[in-house]
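The values are calculated or read from the model by the stated rules, or taken from the named source; none is laboratory data. Owing to the predicted nature of the structure, the values given are computational and were not obtained by experimental measurement. Cβ placement follows ideal geometry from the backbone for every residue including glycine, while neighbour counts extend to all protein chains displayed.
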Amino acid sequence: MIFLKLAFKNLLRHKIRSFLTVLGISASISVLFSIISFNKGFESSLQKELYRTGIHFMIVPSGCPHEVASLVLHGAVTPNFLNIEVFQKIKEFDEIEFIAPILITQIPNIEKEKIDLVYGIEMSNIKQIKPQWKIDGTIPFSDDSILLGYDVAEHYSIKKGDILTYENKRFTVSGIVQKTSSQDDAFVYMPLKALQDIIKKPNGATAIGVKVKDVDKLNTVIEEISLKIPGIQIVTMSQVVNSLANLAGSAKILSLSIALVAILISAIGVMNSILMAIFERTEEIGLMRAIGASKFDIFRIIIKETVLLTLTGGLIGLIMSLVGANIIEGFVRNFMPYIPSGKMIQFDPFLALICLFFSIFLGIFAGIFPAWRATKINPIKAIRG
Amino acid sequence: MIELKNIVKTYKRGAEIVYALKDINLKIEKGDFIAITGPSGSGKTTLLYIIGCLDKPSSGVMKFNDKDIGKMSEADLVKIRREKIGFIFQHFYLLPGLNVLENITLPLIFGRKTRSKEEIISLIESVGLKDRIYHRINQLSGGEMQRVAIARAIVSNPEILLADEPTGNLDTENSEKIFELLRLLNKKGLSVVMVTHNTELAKRTNKVITLRDGKIFY
């Protein structure tokens, strides 16, 4: 215990130096914790959100199926539309429980002098497709009502009951979706029929979400549809999840590499700081050797100092990532193609514990060389100065 | 207790070999109070460090309780320093991060030994620091710091106390007090070897060894 106190007091002798060293460790542990937490949160939220929709697969026009599926989920406009016949043919399959055609396009908003992203969907399917939404107001009950995403409403300062005009047709805002912190916030949600009329594409759809009656027959249904309807591609939700998770995984590897470089740099900082302290305390270390401290005793004291630094840094880093979770999450959301709603960075005690153990390991790793140098101090030379 | 036979200690200074000690023969018995004097650079501290097993001679034999320290491992020497020898230095070398009590008990911790709190407090009282037990080192005067160093040196009940200029940093009054404390410890049976420039204090010990150019002059 006295060694620990000695180590602690030694660190306090140079408060600014120790503080800066701890800060370096805190920042890198914070980044590490946030990246791992974010990735775990991303994968689980993505799976929950996609499977919660109740859709088993999506039918999209020919092209890169994953790209189209991602665009549909992301909310961008795709150049191709599904043929009208596709919609009718899919309806004929007995194994299908429901189909949800989705039409995404851009329409100019003359009054506001902007172009809005409009998401056309049969309003009866909204609760199935977006079960996590909370709406201030109601889901549109007629073809002249629309729903607004949070950011659109904020940007235009629009309230429930206000009117928006598209292509000379007036729409009443029946409700506003509460903030989801996802791409959903940027859409105007319009009844499918109304949107098809505006863009003059009756029965036109960007994609069709499909739910089967018996999930065990999913593969059979997909095979049958693929055989009977040409010119389409089918993407299952598992494929979308994998596709997005792979994308996130690549980003994770890159960001983890950056975090590890940061950790390595901060470990070198710890090493440097402790080496300087050892040079300054040569006489003290020599004295301890003279009064009976073994080389291992000296080694232990120095390792305790480095571990104290890195463990404190680790603890502060964890607190920093929890306090700054929203800022980090907001920052990352700008760069990801698709982010599910809900909190991505959540406190995982097991992960926090791993990060703390990693901090201890880092302290031991950074302390080995300075501690070894300290054991090499010749007590006679040290005492004689 | 300690016997030095034909001890020679050399150092290399570039290509030149410098003789710090030449042909030293000395016996230290239990209960001795020896002063080592001599001009600067005469080899006093080198001799003290060899006696204290901090350094090994280049040639010759030094025996501690009939055991040749030249044949001992580093770990054995550490053990002897922990258990048999107490050191005090001119510059005290107390650890500023620890209080008086913690500084004094440090050798016990290194030696994995325990002594009751009453024994330690009694020891602290015996060196006149009863009211300073929990004080920080920077709150003490020079004389008090040297008392802490003495208490630290004897806390493990060593057989011999080696003092390198123990009064070198103290005024006359404190020098006298520290010397009296060393003499008191010697009277209780502890062997004391003291390096000093103070010839007046040296004369009051049992035996004075004067070194000149690494040799015992008389």
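Of all residues in the range A:10-40, those being within 9 Å of chain B (Cβ to nearest Cβ) and exposed (fewer than 15 other Cβ atoms within 10 Å of the Cβ) number 2.
Of the residues screened, B:Glu74 is not one that is under 30 Å from B:Asn25 (Cβ atoms), in contact (Cβ under 8 Å) with a residue 12 or more places away in the chain, surrounded by fewer than 20 Cβ atoms within 10 Å (Cβ to Cβ) and at the interface with chain A (Cβ under 10 Å from one of its Cβ atoms).
Within the range A:278-287, restricting attention to residues that are under 52 Å from the mean Cα position of the chain (by Cα) and within 7 Å of chain B (Cβ to nearest Cβ), the residue that is surrounded by the most Cβ atoms within 10 Å (Cβ to Cβ) is A:Glu284. Among the criteria (1) of a type in the set (D, E, K, R); (2) touching a helix residue (DSSP H, G or I) at 6+ places or on another chain (Cβ under 6 Å); (3) farther than 17 Å from A:Ile110 by Cα, the one A:Asp184 does not fulfil is (2). For the range A:336-357, the criterion of being surrounded by 13 or more Cβ atoms within 10 Å (Cβ to Cβ), at pLDDT 85 or above, among the aromatic types (Phe, Trp, Tyr) and assigned by TED's automatic domain parsing to the domain that holds A:Ser255 is met by no residue. Might you check whether a residue that is free of Cβ contacts under 8 Å to residues at least 60 places away in the same chain, touching a helix residue (DSSP H, G or I) at 6+ places or on another chain (Cβ under 7 Å) and in a helix (DSSP H, G or I) occurs anywhere in the range A:284-295? The answer is yes; a qualifying residue exists. The set of residues in the range A:1-17 that are modelled with pLDDT of 80 or more and among the β-branched types (Val, Ile, Thr) contains only A:Ile16. Check B:Val61 against each of (1) more than 26 Å from B:Lys12 (Cβ to Cβ); (2) more than 13 Å from chain A (Cβ to nearest Cβ); (3) touching an Asp or Glu at 6+ places or on another chain (Cβ under 7 Å) and name the one condition it does not meet. B:Val61 satisfies every listed condition except (1). Candidates A:Ala194, A:Ala207, A:Ala153: the one that is touching a helix residue (DSSP H, G or I) at 6+ places or on another chain (Cβ under 6 Å), hydrophobic (A, V, I, L, M, F, W, C) and closer than 26 Å to A:Gln132 by Cβ is A:Ala207.
Looking only at the range B:1-17, residues that are over 23 Å from B:Tyr218 (Cβ atoms) and in a strand (DSSP E or B) come to 6 in all. Given the residues B:Thr45, B:Thr10, which is the only one that is closer than 22 Å to B:Lys63 by Cα, surrounded by 20 or more Cβ atoms within 10 Å (Cβ to Cβ) and touching a residue at least 24 places away in the same chain (Cβ under 8 Å)? Selected residue: B:Thr45, the only one of B:Thr45, B:Thr10 that is closer than 22 Å to B:Lys63 by Cα, surrounded by 20 or more Cβ atoms within 10 Å (Cβ to Cβ) and touching a residue at least 24 places away in the same chain (Cβ under 8 Å).
Being of a type in the set (A, V, I, L, M), away from chain B (no Cβ under 14 Å), buried (at least 17 other Cβ atoms within 10 Å of the Cβ) and assigned to a helix (DSSP H, G or I) is a description that applies to A:Val270.
Among the residues of the range A:296-330, write down those that are within 14 Å of another protein chain (Cβ to nearest Cβ) and either in a loop (DSSP other than H, G, I, E, B) or of a type outside the set (A, V, I, L, M) (or both). Selection gives A:Phe296, A:Asp297, A:Phe299, A:Arg300, A:Lys304, A:Glu305.
Pairs meeting the criteria (first residue in the range B:106-117 and within 13 Å of chain A (Cβ to nearest Cβ) and touching a residue at least 40 places away in the same chain (Cβ under 8 Å), second residue polar (S, T, N, Q) and surrounded by 14 or more Cβ atoms within 10 Å (Cβ to Cβ), beta carbons under 8 Å, at least 6 apart or on different chains) are B:Pro107/B:Ser156; B:Leu108/B:Ser156; B:Gly111/B:Ser156; B:Lys113/B:Ser156.
Residues of the range A:153-198 that are of a type in the set (Phe, Trp, Tyr) and either farther than 17 Å from A:Leu103 by Cα or not assigned by TED's automatic domain parsing to the domain that holds A:Gly137 (or both): A:Tyr156, A:Phe171.
If a residue has to be part of a loop (DSSP other than H, G, I, E, B), over 16 Å from A:Ser182 (Cβ atoms) and aromatic (Phe, Trp, Tyr) to count, how many in the range A:113-163 make the cut?
Residues flagged as part of a loop (DSSP other than H, G, I, E, B), over 16 Å from A:Ser182 (Cβ atoms) and aromatic (Phe, Trp, Tyr) within the range A:113-163 amount to 1.
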